[in-house]
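Take a look at the structure set out below.
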Amino acid sequence: MAEPPPNQQPPASDPERPSSSHGETGSTFAGITERLGGAAVPVAATLLAFLIGGLVVTVTGGNPLTAYRAIFEGTGFNYVFPWLDDVDRARAARNLQQTLVLATPLVLTGLAVAFAFRCGLFNIGGQGQYWVGFIFAIWLATTLGEIPTVLFVPLGILAGVVGGALWGGIAGLLRATVGAHEVITTIMLNWIAIFGGRYLFELGGPLQGSVPTLPRSEVVPEWARIWTIWGNIQALHAGVFVAFLGLLVYWVLLNRTTVGFEVRAVGFNPEAARYSGIPVRRSYFLALAISGGFAGAAGAVDVLGVKYAVDISNLPASTVGFTGIAVALLGRNKPIGILLAALLFASLQVGTSSRQLDPDVFDPDLAENLATMIQALVIFFVGAELLILTIWGARGKLIPFRSRAQEPAR
């Protein structure tokens with residue numbers, strides 16, 4: 001092939017090299033699409049759930065806008081509105097305190113599900129791990145001699161973390177050694193924790209309280225309680241900072257430690273991780289043990305911060321560990337997503353309580369069922385991610401189309 005004449009000028013634009021601005025634009029759109037794709041599904045799922053809930057309210061004879069406004073005001077999030085008078089602001093403050101109190105354990109149990117999921121494990125045992133952490137903390141608070149609150153509170157929460165980690169570690173050990181599926185073992189361990197707790201606190205049980213006719217625990221003494229930081233009645237306690245600390249620990253563990261790298265590698269592909277020298281069995285054990293620690297912390301924060309005691313009827317009735325599954329799913333296993341999902345589910349529970357809603361606006365009994373239905377719909381739509389993206393058309397609208405003529409020559 002003949003060489004071009006030496007005086008020939010190069011072309012103004014090299015067809016073999018795409019322009020930098022075009023490449024930057026494509027990569028920017030790709031980054032935006034990736035980021036919005038993670039948030040679009042939970043947002044769309046929540047909006048669809050509330051839309052269907054509004055249709056149900058309409059069918060039952062209510063006004064969905066009025067009902068949702070009343071539920072929103074019942075959550076306390078209107079506390080920041082500047083036009084509230086003193087009475088409404090005080091009421092909003094009490095509601096917001098209760099919402100944050102309920103969201104605190106949901107954040108931690110959501111982390112318990114999310115961390116295991118990053119290792120490819122489905123931790124259904126958050127409820128049992130929550131109760132074991134609860135029992136460890138209340139046992140320590142009611143048997144240990146009086147010490148300063150500032151020393152006991154971290155010790156009591158640590159006891160809950162250890163209890164939950166031990167309970168989650170049992171399922172991890174079974175998965176790592178004999179291959180027992182964690183869904184089965186964690187469900188079984190839930191019931192062992194519940195009935196074990198009934199044995200401990202029932203009449204004549206080892207941890208029954210001082211009232212011989214009541215099947216309940218001893219009450220946590222004043223010096224062992226987490227101090228309040230806002231309000232007097234149903235006040236917000238400092239355990240909310242434990243939830244934020246849990247979010248930080250979750251992020252650091254996954255993104256800044258060797259354990260987190262190994263957990264994520266096993267979650268992506270256990271066979272490839274094993275081939276590269278990562279101890280897969282150890283990762284299974286650690287993932288479920290750490291997950292149990294998060295749920296155990298939730299139990300400790302609950303008993304030391306707001307409940308102070310437990311009777312045997314509370315054990316099978318609590319669902320905070322199971323709601324944590326929904327929190328993790330809606331939050332996409334991301335710290336900020338888990339925080340927002342926990343706030344959503346807590347606000348639904350507070351805003352639809354019978355003490356919040358005026359019966360003339362919406363029947364409070366129906367509202368509680370409405371909240372449950374909305375939670376279920378959110379989980380359903382999050383699971384139907386492909387359907388939501390197809391309906392919304394997010395991928396087609398956000399990803400720029402490049403024709404063959406625009407592709408660089410090869």
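Residues to consider are Val263, Val252; find the one that is open to solvent by 50 Å² or more (accessible area, probe 1.4 Å) and within 23 Å of the chain's Cα centre (by Cα). Can you show your working first?
Values: Val263 fails: open to solvent by 50 Å² or more (accessible area, probe 1.4 Å).
Among Val263, Val252, only Val252 is open to solvent by 50 Å² or more (accessible area, probe 1.4 Å) and within 23 Å of the chain's Cα centre (by Cα).
Taking interchain pairs and intrachain pairs at least six residues apart, which have beta carbon atoms under 7 angstrom, with the first residue in the range 373-384 and closer than 18 Å to Ala39 by Cβ and part of a helix (DSSP H, G or I) and the second open to solvent by less than 60 Å² (accessible area, probe 1.4 Å) and among the polar types (S, T, N, Q)?
Cβ pairs passing all conditions: Val378/Thr46.
Can you tell me how many residues within the range 246-278 are out of contact with any helix residue (DSSP H, G or I) (no Cβ under 7 Å at 6 or more places or on another chain) and of a type outside the set (Gly, Ala, Ser)? Full working, then the answer.
Keep residues of the range 246-278 that are out of contact with any helix residue (DSSP H, G or I) (no Cβ under 7 Å at 6 or more places or on another chain), which gives 248-249, 252, 255-258, 261, 267-269, 271-272, 275-277.
From what is left, the residues that are of a type outside the set (Gly, Ala, Ser) are 248-249, 252, 255-258, 261, 268-269, 271, 275.
Residues that pass the stated criteria total 12.
Among what's in the range 267-307 and is open to solvent by less than 50 Å² (accessible area, probe 1.4 Å) and of a type in the set (Phe, Trp, Tyr), pick the residue that is nearest to Leu248 (Cα to Cα).
Among them, the one singled out is Phe294.
Please enumerate the residues belonging to the range 148-160 that are open to solvent by less than 50 Å² (accessible area, probe 1.4 Å) and either touching a strand residue (DSSP E or B) at 6+ places or on another chain (Cβ under 8 Å) or not polar (S, T, N, Q) (or both). Before you say what the answer is, go through the steps one by one.
First, pick out the residues of the range 148-160 that are open to solvent by less than 50 Å² (accessible area, probe 1.4 Å): 149, 152-153, 156-157, 159-160.
Hits for the range 148-160 are Phe152, Val153, Gly156, Ile157, Ala159, Gly160.
Evaluate the range 208-220: report whether one residue or more is in contact with a helix residue (DSSP H, G or I) (Cβ under 6 Å, 6 or more places away or on another chain), closer than 24 Å to Val161 by Cα and acidic (Asp, Glu).
Yes: the range 208-220 contains one or more residues that are in contact with a helix residue (DSSP H, G or I) (Cβ under 6 Å, 6 or more places away or on another chain), closer than 24 Å to Val161 by Cα and acidic (Asp, Glu).
Name the single residue, out of those in the range 167-186 being touching a residue at least 60 places away in the same chain (Cβ under 8 Å) and out of contact with any Gly (no Cβ under 7 Å at 6 or more places or on another chain), that is surrounded by the fewest Cβ atoms within 10 Å (Cβ to Cβ). Break it down stepwise before answering.
Here is the first cut: in the range 167-186, the ones touching a residue at least 60 places away in the same chain (Cβ under 8 Å) are 167-169, 171-173, 175-177, 182-183, 185-186.
Adding the requirement that they be out of contact with any Gly (no Cβ under 7 Å at 6 or more places or on another chain) leaves 172-173, 175-177, 182-183, 185.
Details: Gly172: 29, Leu173: 17, Arg175: 22, Ala176: 20, Thr177: 11, Glu182: 25, Val183: 14, Thr185: 20.
Only one residue tops the list, namely Thr177.
Has the range 353-365 got any residue that is more than 22 Å from Val240 (Cα to Cα) and either part of a helix (DSSP H, G or I) or at pLDDT 90 or above (or both)? Show your work before the answer.
Start the filter on the range 353-365 by keeping residues that are more than 22 Å from Val240 (Cα to Cα), which leaves 354-365.
If we keep only those that are either part of a helix (DSSP H, G or I) or at pLDDT 90 or above (or both) too, we end up with 364-365.
Scanning the range 353-365, I find at least one residue that is more than 22 Å from Val240 (Cα to Cα) and either part of a helix (DSSP H, G or I) or at pLDDT 90 or above (or both), so the answer is yes.
Could you list all residues from the range 217-249 that are of a type in the set (D, E, K, R) and under 29 Å from the mean Cα position of the chain (by Cα)?
Residues of the range 217-249 of a type in the set (D, E, K, R): 218, 222, 225.
Matches in the range 217-249: Arg225 only.
Taking the range 223-243, which residues are open to solvent by 70 Å² or more (accessible area, probe 1.4 Å) and either in contact with a helix residue (DSSP H, G or I) (Cβ under 8 Å, 6 or more places away or on another chain) or in contact (Cβ under 8 Å) with a residue 12 or more places away in the chain (or both)?
Matches in the range 223-243: Trp227, Ile229, Trp230, Ile233, Gln234.
Within the range 90-124, how many residues are open to solvent by 60 Å² or more (accessible area, probe 1.4 Å) and out of contact with any helix residue (DSSP H, G or I) (no Cβ under 6 Å at 6 or more places or on another chain)? Can you show your working first?
Our first condition is that a residue be open to solvent by 60 Å² or more (accessible area, probe 1.4 Å); within the range 90-124, this holds for 91, 94, 117-118, 122.
With out of contact with any helix residue (DSSP H, G or I) (no Cβ under 6 Å at 6 or more places or on another chain) added as a condition, the list becomes 91, 94, 117.
Looking only at that region, the number is 3.
The values are calculated or read from the model by the stated rules, or taken from the named source; none is laboratory data. Computed from a predicted model, the values in this text were never measured in an experiment. All Cβ positions, even for glycine, are placed from backbone atoms using ideal geometry, and neighbour counts span all protein chains on display. Remember, those area values only see protein heavy atoms, side chains included, never the ligands or the DNA or RNA. Shrake-Rupley method; radii C 1.70, N 1.55, O 1.52, S 1.80 Å.
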